[in-house]
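Laboratory data are not the source of any read-out in this text; all were calculated from the coordinates shown. The shown structure was predicted, so the numbers you read here are calculated from the model rather than taken from an experiment. Here the Cβ is made from the backbone with ideal geometry for all residues, glycine too, and neighbour counts use every protein chain on show.
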Amino acid sequence: MSASVCTPFEGVSPDSPARVVGLNVYSLLGNTAMAAQPVIVGALVDLLGFTPRQAGFVSAAELSGLALGMGGLVATVRRISRRSLALAAIVILAGANTATMFARSFPEILLLRFINGIGAALAYSVFLTMAAATLRPERTFGVANSISILATGLLVFAGPYVIGAGGTYGLFLGLASIAIASLLGLPLLPAGRSSERTDTVPATAAAPRFDSTDRRFIGLALLMMFFLYTGHSAIWSYQERIGVAAGIPARDIGLLIGTSLMLWGVLGSIAASVLGLRIGRVWPQVVSLGLSIAAALALALSGSALAFGTACALIAISWFYGLPYQMGLLAAFDPQGRANIAGSLMTTGGAAAGPFIGALLIGSGSYGVLGVLAGICYAIALGLVLPAAFSLGRRGTLS
């Protein structure tokens, strides 16, 4: 008997509550690779004696695994069951995090975090293909981002307390436990391959055809995602260290970053979900990337808890207000999720490049250069995304 008839959730809409819960479970799981970076970098420096540069290379290795995993999935994801992807992700993430608990050397941890990144890519691809198939992907991505931001804020907020109580053992045991708990979401996923129509969306929802000019716009949008996440991750991986350099206590840093995500990040994501495309596709890109440039420069110049907290708030609201529109832009070109998988390949490539370049630039611990790097990346991203946004705006493409 086919596995596709073994669950009451087959043959239902991709917007059904069960599907929405399932895609959010694996959004959270896939996001742990990126979300935990400030906590991991700080723990490697403070507890294992790594230099900031070595810790940056570990961060780059984990996000390189994420990028490699997404790259391999671009061509193959439609041929693999989402449940198979999810189960493989859980096994890899639980195993890699458990092994990292007992690793102490730089080469060991570098390899294990790279493997962990591959597992995160498998989990995140489950979320992407399901979210892109919904009727209003901007709203779906906005809601999923809000939930992920809350979880990330809690993780960053709790990180110093977990590390204080259990050291690196507690940190990586917690990450392994998150992966194991995600087994509860498996029954909520479609059993068939991503290419099979197991939902009730009409055939008219298939992706529209675009000419060669539009394909160039898609290419620009994908390149935009690379520069966007190069800037994001250059700041994010070292954000905790920037606070330490400003003389802020570790638990206050966790409080400032965590509450910024849970308040301003969620507010930005909710604003995107509520506003939708009421102000078109162009203005959300201008607002989010303009704020990102200001946030990067503010963080580079921050020298007090107040300045650091303000910069954290700007980073959170600009990042998570813009992300649903950037993911929705790709979903408008391809509702079946291939463009979003390619976009995630670019974001994870950028996410790996950011801490790697940052590790080369910071030298002995001067972090201001990271804000300048991020600001330049955001300016380039804005110039790249506007043609694609204008193109869809002229066509009146809303999905």
*Please give the net charge around I248, taking every other residue with its beta carbon less than 12 angstrom from that of I248, where Lys and Arg add +1 and Asp and Glu add -1.*
0
*asked:* Just to verify a number: FRET efficiency for V21 and T76, C-beta to C-beta distance, R0 = 22 Å, to 0.05?
replied: 0.30
*Quick one: check the C-alpha center-to-center distance for region 242-302 versus region 110-189, whole angstrom.*
20 Å
*Which entry in [x] 57, 48, 32; [y] 76, 50, 45; [z] 70, 55, 34 is this structure's computed Cα extents along the principal axes in Å?*
[x]
*Stretch gain in nm, segment L275-A158, where the contour uses 0.36 nm per residue and the Cα spacing is subtracted*: 39.0 nm
*Which trypsin sites (Lys or Arg not before Pro) does region 98-176 hold that lie in a coil by DSSP with at most 12 other beta carbons within 10 Å?*
R104
*Going by a ≥ b ≥ c, the root eigenvalues of the Cα gyration tensor, does region 134-190 fall in the rounded group (a/c under 1.5), the prolate group (a/b larger than b/c) or the oblate group?*
oblate
*Decide, for region 238-302, between rounded, prolate and oblate: order the square roots of the alpha carbon gyration tensor eigenvalues as a ≥ b ≥ c, take rounded if a/c falls under 1.5, and otherwise choose prolate if a/b is larger than b/c, else oblate.*
oblate
